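Asker: Structure below; questions to follow.
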Amino acid sequence: MKTVLMVAEKPSLAQSIARILSRGNMSSHKGLNGTCSVHEYTGTFAGQPVHFKMTSVCGHVMTLDFLGKYNKWDKVDPAELFSQAPTEKKEANPKLNMVKFLQVEGKGCDYIVLWLDCDKEGENICFEVLDAVLPVMNQAHGSEKTVFRARFSSITDTDICNAMAHLGEPDHNEALSVDARQELDLRIGCAFTRFQTKYFQGKYGDLDSSLISFGPCQTPTLGFCVERHDKIQSFKPETYWVLQAKVNTDQDRSLLLDWDRVRVFDREIAQMFLNMTKPEKEAQVEATSKKEKTKQRPLALNTVEMLRVASSALGMGPQHAMQTAERLYTQGYISYPRTETTHYPESFDLKGPLRQQANHPYWDTVKQLLAEGINRPRKGHDAGDHPPITPMRSATEAELGGEAWRLYEYITRHFIATVSHDCRYLQSTISFRIGPERFTCTGKTVISPGFTEIMPWQSVPLEESLPTCQKGDTFAVGEVKMLEKQTSPPDYLTEAELITLMEKHGIGTDASIPVHINNICQRNYVVVESGRRLKPTNLGIVLVHGYYKIDAELVLPTIRSAVEKQLNLIAQGKADYRQVLGHTLDIFKRKFHYFVDSIAGMDELMEVSFSPLAATGKPLSRCGKCHRFMKYIQAKPSRLHCSHCDETYTLPQNGTIKLYKELRCPLDDFELVLWSSGSRGKSYPLCPYCSNHPPFRDMKKGTGCNECTHPTCQHSLNMLGIGQCVECESGVLVLDPTSGPKWRVACNRCNVVAHCFENAHRVRVSSDTCSTCEAALLDVDFNKAKSPLPGDATQHIGCVFCDPIFQELVELKHAASCHPMHRGPGRRQGRGRGRRPAGKPGARRPKDKMSALAAYFV
């Protein structure tokens, strides 16, 4: 029997699709990476009985990055990144071991069906999966087709079974367009970002951003926000005057009239009109009209409109809204949420999703619609990708909860509104003349609410009905007065308005727009204020003004919009991938060189807004070269700066830094500092110089004393290391000598922390090792009053892994925070305490003892 491997984009999606296709008759087990499950069942494929294996990836399998030295900022000129720097595809998440997992599951399979998301990114992932799986699959016989692509828009029985019955092929052109975008963004973004970051962080201390990043889409997005800020700052209010008249009707009520001239900007002229109308006692009706008008139901819902409403009405940021929509999709509640289309095809079953909502208590109008007949949705834009976002099954607030329910409720109401009737209302207008001036009064009366029943926030405002009158009738004038007002500046852009501008100018895609907005927030270029308005920071403003000063095209949307059009041509097979890539990189390479030569223009703006390094921060520790105090700059990225030597030393981020007992490094005489993630997290001392200039080959830049292999230093790994980490393969558990009396042992690579020996008077790492696991022994002195040892004993030497007394005193936890520098890619070389001794490859941790310790893991 032949085997068919099927791959979806997410584990939950794989489970749902397998359950539908197997009709629930399947077996499941976890794959070797522990994250993706494999669902197996038997069935028929291409008219023959087969064994199906359904599994998934977790998004992109591979990511694009530079090779070797080109990832080191200090060793490569950023200009080389445009053409000379070679790139490679490497695993997006090495911990998942996705390539090996796919090869294990794909080995010996005869066919593969790709159930990745049906967009450009999904097509790209298809070929990432094929690159991993095809080499281990059984060879095809002759011209037999072995690779298939399933295309679907929702996780319903009908859509999934229909996709399985009409399999196609993955689209190589769409995958290439994603490859091109990835390479352009990597090369252009990294070159500009590295140059900007090194230049400005080397001069200014209060930028408060760990990265001065540039992005071909990110920067024009920021440009829109700063453009609005500039309009607000340059706005000069103007005073204007309006006339307001009030007439009394027969029903003892008054009507407020609007002046036909609207407003005038000259007070004397306004006063003249007031003098001409104020003496009049009667207002004469000049004309009346009644006209039936229609408020159209909304177009079908696409991604951009969903994100706009989520931000403006639901208070959800675009990225969070997109993540919530994707969860609703994978759970089968809505159709695919990434679509540019606002038009339902004629073949789309509108009644099916509507029937799902017929018994829902929140929308009673559905039964009436089904009984009377639905209205065809308005004709919108057909982008040729996916149908509009549609609710696929009914749900309750208790079922979804919180923000997922609010987004689902809006999507459902919007869908019901698209198949409802338009809102019809009667607009009545009465034109009055008071002296020589004309005034108007307008009223609206709803005839048929139509779709506004399901979308009440769109309903026509309730207004008092106007009196019945005809031309020539007169009404008593209650008052005529002149009001003084001022023009007001525009407000800062809301996320919804920014999304509209990005869509209009072709910046990003429906999937990437939320990412670009999130990036400018994360980089501290804008802050989100009340009403989800985006206010640029000083840094964001200065950057954009600097780009305008040097090369406006770096921030204007025109050039990126043109690039997006070229990428779309690649996806359609109308443009050559290599030519587009080469031409675009050549343009930006020239722009980069001009930007570097003209950076003084932006620097002039920086000088006005930010303080130089020498004038920033507070004295903390002494420099090992000049023995003067270096200043600690707490603003991101935190670092130490010696103004005398003009040297800057980066520090670990996302923690606190303080002086470490005025102790000095034996190698360079720099005073040590202590980094800590908090009272329940991890901490370690570090030498600022060694951390930036590793003295040993097996040390990496950015490491602390807990990874230093100095043979005799009392703070080094050799003196404080205990044994291999219980969770990661490359880390070593190191005693934190500053943690008493609540002692801690922490991994120097991952975020594992073991709390141990509370209230012990002293804990030392012994020079002796455990005879069982070869970990260093701990020598612990307990306080006599609180000693857990039997009898009156206060001292005990033992192995934290193997000693039964110590095992009872250890609690293993994840640290409160985990900085990337704690996660190394592999085991360090060299012989040091806590690692397997050289020449003893058989030495290992005893699994039974380690599992006993790991039982405390929480």
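Asker: Scan around Phe52 for amide H atoms under 5 Å from its own, H built in the peptide plane at 1.01 Å from N, and keep only partners 5 or more places away or cross-chain.
Answerer: Under 5 Å from the amide H of Phe52 lie the amide H atoms of Val4, Tyr41, Thr42, Gly43, each far enough along the sequence or on another chain.
Asker: How do 13-24, 235-246 rank on mean C-beta neighbours within 10 Å, highest first?
Answerer: Answer by packing, highest mean first, reads 13-24, 235-246.
Asker: Also: Select from the stretch 278-374 those trypsin sites (Lys or Arg not before Pro) which occupy a DSSP coil region and have at most 11 other Cβ atoms within 10 Å, ordered by residue number.
Answerer: Details: sites: Lys281, Lys290, Lys291, Lys293, Lys295, Arg308, Arg327, Arg338, Lys351, Arg355, Lys367; in loops: Lys281, Arg338.
Here the sparse-neighbourhood loop sites are Lys281.
Asker: Further question on the same structure: Please identify the trypsin sites (Lys or Arg not before Pro) of the stretch 568-668 that satisfy two criteria: DSSP loop assignment and at most 16 other Cβ atoms within 10 Å. Which are they?
Answerer: Values: sites: Lys574, Arg578, Lys589, Arg590, Lys591, Arg622, Lys625, Arg628, Lys631, Arg639, Lys658, Lys661, Arg664; in loops: Lys574, Lys625, Arg628.
Here the trypsin sites (Lys or Arg not before Pro) that fit, given the DSSP loop and packing criteria, are Lys574, Lys625, Arg628.
Asker: Considering only protein heavy atoms and a probe of 1.4 Å, how much of the accessible area of the chain is carbon and sulfur, as a whole percent?
Answerer: C and S fraction of accessible area: 48 percent.
Asker: So for the stretch 17-88, Kirkwood radius off the Cα pairs, Stokes-Einstein at 25 °C and 0.890 mPa s: how many µm² s⁻¹? Please report the intermediate quantities before stating the final value.
Answerer: Numbers: Rh = 16.2 Å.
Diffusion coefficient, whole number: 152 µm²/s.
Asker: For the stretch 331-395, what mean projected area does the convex hull of the alpha carbons give, in nm²?
Answerer: On the way: hull surface 19.2 nm².
For the stretch 331-395, averaging the hull's shadow over all directions gives 4.8 nm².
Asker: Separate question: For the chain, with only Lys/Arg (+1) and Asp/Glu (-1) charged at the beta-carbon, what is the dipole magnitude about the Cα centre, in debye rounded to 20?
Answerer: 2060
Asker: Where only protein heavy atoms count, and the probe is 1.4 Å, what is the accessible area per residue for the stretch 1-99 in Å²?
Answerer: Numbers: 4760 Å² over 99 residues.
For the stretch 1-99, the solvent-accessible area averages 48 Å² per residue.
Asker: Between Ser609 and Asp252, what is the spin-label point distance in nm, taking each point 7 Å from the Cα along the Cα→C-beta axis?
Answerer: 6.3
Asker: Divide by every residue of the chain the summed helix terms, -39500 (n - 2.57) for each DSSP H run of at least 4, and state the resulting mean residue ellipticity at 222 nm, rounded to the nearest 500 deg cm²/dmol.
Answerer: -9500 deg cm²/dmol
Asker: Projecting each Cα onto the charge dipole of the chain (Lys/Arg +1, Asp/Glu -1 at the beta carbon, about the Cα centre), which of Leu81, Val810, Leu400 comes out farthest on the positive side?
Answerer: Comparing the listed Cα positions along the dipole, Val810 ranks first.
Asker: Once you put a point 7 Å from the Cα of Thr738 and another 7 Å from the Cα of Lys281, both along the Cβ direction, what distance in nm separates them?
Answerer: Output for this residue pair reads 9.0 nm.
Asker: Ok, one more. What does a probe at Asp473 reach in the stretch 222-256, counting residues whose amide N is under 18 Å from the point 7 Å along Cα→Cβ?
Answerer: Under 18 Å, as judged by backbone N against the label point of Asp473, lie 246-256 of the stretch 222-256.
Asker: Something else about it: Filter the chymotrypsin sites (Phe, Trp or Tyr not before Pro) in the stretch 480-556 to those in DSSP coil with at most 14 other Cβ atoms within 10 Å of their Cβ, and list the result. Show your work: numbers first, answer last.
Answerer: Working: sites: Tyr492, Tyr525, Tyr547, Tyr548; in loops: Tyr492, Tyr525.
Listed in order of number, the matching sites amount to none.
Asker: To continue, here is another question. Report, to two decimal places, the Cα Rg of the chain normalised by 2.2 N^0.38 Å (N = number of residues).
Answerer: After normalising by residue count via 2.2 N^0.38 Å, the value is 1.20.
Asker: Another question about this same structure. Determine by what factor the alpha-carbon radius of gyration of the stretch 410-472 differs from 2.2 N^0.38 Å, reporting the quotient.
Answerer: Scaled against compact globular proteins, the figure is 1.56.
Asker: Going 7 Å from the Cα of Ser289 along its beta-carbon direction, which residues of the stretch 459-489 have the amide nitrogen within less than 15 Å of the resulting point?
Answerer: 471
Asker: Follow-up question, since we're still on this one. Each residue of the stretch 784-792 in order: what ³J(HN,Hα) in whole Hz does its phi give by Karplus 6.51 cos²θ - 1.76 cosθ + 1.60, θ = phi - 60°, with x for Gly and Pro?
Answerer: Taking θ as phi minus 60°, the curve returns 4, 6, 10, 6, x, 6, x, x, 9 Hz for the stretch 784-792.
Asker: Continuing with this model, one more query. Quote the FRET efficiency, to the nearest 0.05, computed for Ala562 versus Leu483 with a Förster distance R0 of 51 Å and r equal to the Cβ-Cβ distance.
Answerer: Using R0 = 51 Å, I get an efficiency of 0.55.
Asker: Determine the shape class of the stretch 149-249: with a ≥ b ≥ c the square roots of the Cα gyration tensor eigenvalues, call it rounded for a/c under 1.5, and otherwise prolate if a/b is greater than b/c, oblate otherwise.
Answerer: oblate
Asker: What figure, in Å² to the nearest 10, do you get for the accessible area of Met630 with a 1.4 Å probe and non-protein molecules left out?
Answerer: For Met630, solvent-accessible area is about 0 Å².
Asker: Taking 7 Å along the Cα-to-C-beta vector as the label spot, tell me the Thr146-Gln368 distance in nanometres, rounded to one decimal.
Answerer: For Thr146 paired with Gln368, the spin-label model returns 6.0 nm.
Asker: For the pairs Lys72/Lys198; Lys281/Lys485; Lys565/Lys591; Lys444/Lys485; Lys69/Lys701, note any where the Cα-Cα span goes beyond 22 Å.
Answerer: Over 22 Å Cα-Cα: Lys281/Lys485; Lys444/Lys485.
Asker: Using a cut-off of 11 Å between beta-carbons, work out the net charge of the residues near Asp603 (Lys and Arg +1, Asp and Glu -1, Asp603 not included).
Answerer: 0
Asker: Rolling a 1.4 angstrom probe over the protein heavy atoms, how many square angstrom per residue are accessible across the stretch 348-418? Provide the component values of the computation, followed by the final result.
Answerer: Details: 3340 Å² over 71 residues.
Per residue, the stretch 348-418 has an accessible area of 47 Å².
Asker: Using the Karplus curve 6.51 cos²θ - 1.76 cosθ + 1.60 with θ = phi - 60°, work out ³J(HN,Hα) for each residue of the stretch 310-317 in order, rounded to whole Hz, and write x for Gly and Pro.
Answerer: 4, 6, 6, 9, 9, x, 9, x
Asker: Applying the Karplus parametrisation 6.51 cos²θ - 1.76 cosθ + 1.60 with θ = phi - 60° to the phi angles of the stretch 768-775, what ³J(HN,Hα) value in whole Hz is obtained for each residue in order, glycine and proline being reported as x?
Answerer: My calculation for the stretch 768-775 gives 7, 10, 6, 6, 8, 10, 6, 6 Hz in order.
Asker: Let me ask you something else. Run the 1.4 Å probe and let me know the accessible area of Trp259, rounded to the nearest 10 Å².
Answerer: Rounded to the nearest 10, that gives 20 Å².
Asker: How much accessible area per residue does the stretch 148-196 have, in Å², with a 1.4 Å probe?
Answerer: It amounts to 35 Å² per residue over the stretch 148-196.
Asker: Leaving out ligands, DNA and RNA but keeping every protein chain, what accessible area does Cys770 have, in Å² rounded to the nearest 10, with a 1.4 Å probe?
Answerer: Here the residue's solvent-accessible area equals roughly 10 Å².
Asker: Is there a pair in Lys658/Lys682; Lys10/Lys95; Lys2/Lys30 whose C-alpha atoms are over 18 Å apart, and which pairs would that be?
Answerer: Lys2/Lys30
Asker: When a/c reaches 1.5 or more, the comparison of a/b and b/c decides; with that in mind, is the stretch 488-553 rounded, prolate or oblate per its Cα gyration tensor? Before the final figure, lay out the partial values.
Answerer: Numbers: a/c = 1.41, a/b = 1.10, b/c = 1.28.
Rounded is the answer for the stretch 488-553, as its axis ratio a/c remains below 1.5.
Asker: Sketch the reach of a paramagnetic label on Cys161 as a point 7 Å from Cα along Cα-to-Cβ, and name the residues of the stretch 338-363 whose backbone nitrogen lies under 19 Å away.
Answerer: Counting backbone N atoms under 19 Å from the label point, the list is 348-356.
Asker: Considering amide H positions built from the backbone, and no H for Pro or chain starts, which residues 5 or more places from Ile334, or on another chain, come under 5 Å of its amide H?
Answerer: Tyr329, Met392
Asker: If you take the alpha carbon radius of gyration of the stretch 252-291 and divide it by 2.2 N^0.38 Å, what ratio comes out, to two decimals?
Answerer: Working it through for the stretch 252-291, the quotient is 1.47.
Asker: Using amide H atoms built 1.01 Å from N in the peptide plane, name the residues 5+ places from Gly704, or on other chains, whose amide H lies under 5 Å from its own.
Answerer: none
Asker: Under the 0.36 nm per residue contour assumption, what length would be gained going from the current alpha-carbon distance of Lys231 and Lys69 to full extension? Don't jump to the answer; show the numbers that get you there.
Answerer: Numbers: separation 162, 0.36 × 162 = 58.32 nm, distance 4.45 nm.
So the extension gain works out to 53.9 nm.
Asker: How many angstrom separate the Cα center of the stretch 559-580 from the Cα center of the stretch 29-61?
Answerer: So the separation of the two Cα centres works out to 35 Å.
Asker: In addition: Can you work out the FRET efficiency for the pair Cys58 and Arg628, with r the C-beta to C-beta distance and R0 = 56 Å, to the nearest 0.05? It would help to have the intermediate numbers written out before the result.
Answerer: Numbers: r = 51 Å, r/R0 = 0.90.
With a Förster radius of 56 Å, E is 0.65.
The values are calculated or read from the model by the stated rules, or taken from the named source; none is laboratory data. Because the structure is predicted, anything quoted here is derived from the model rather than measured. Backbone-built Cβ (ideal geometry, glycine too); neighbour counts: all protein chains shown. These area figures cover heavy atoms from the full protein model, side chains too; ligands, DNA and RNA do not enter into them. Shrake-Rupley method; radii C 1.70, N 1.55, O 1.52, S 1.80 Å.
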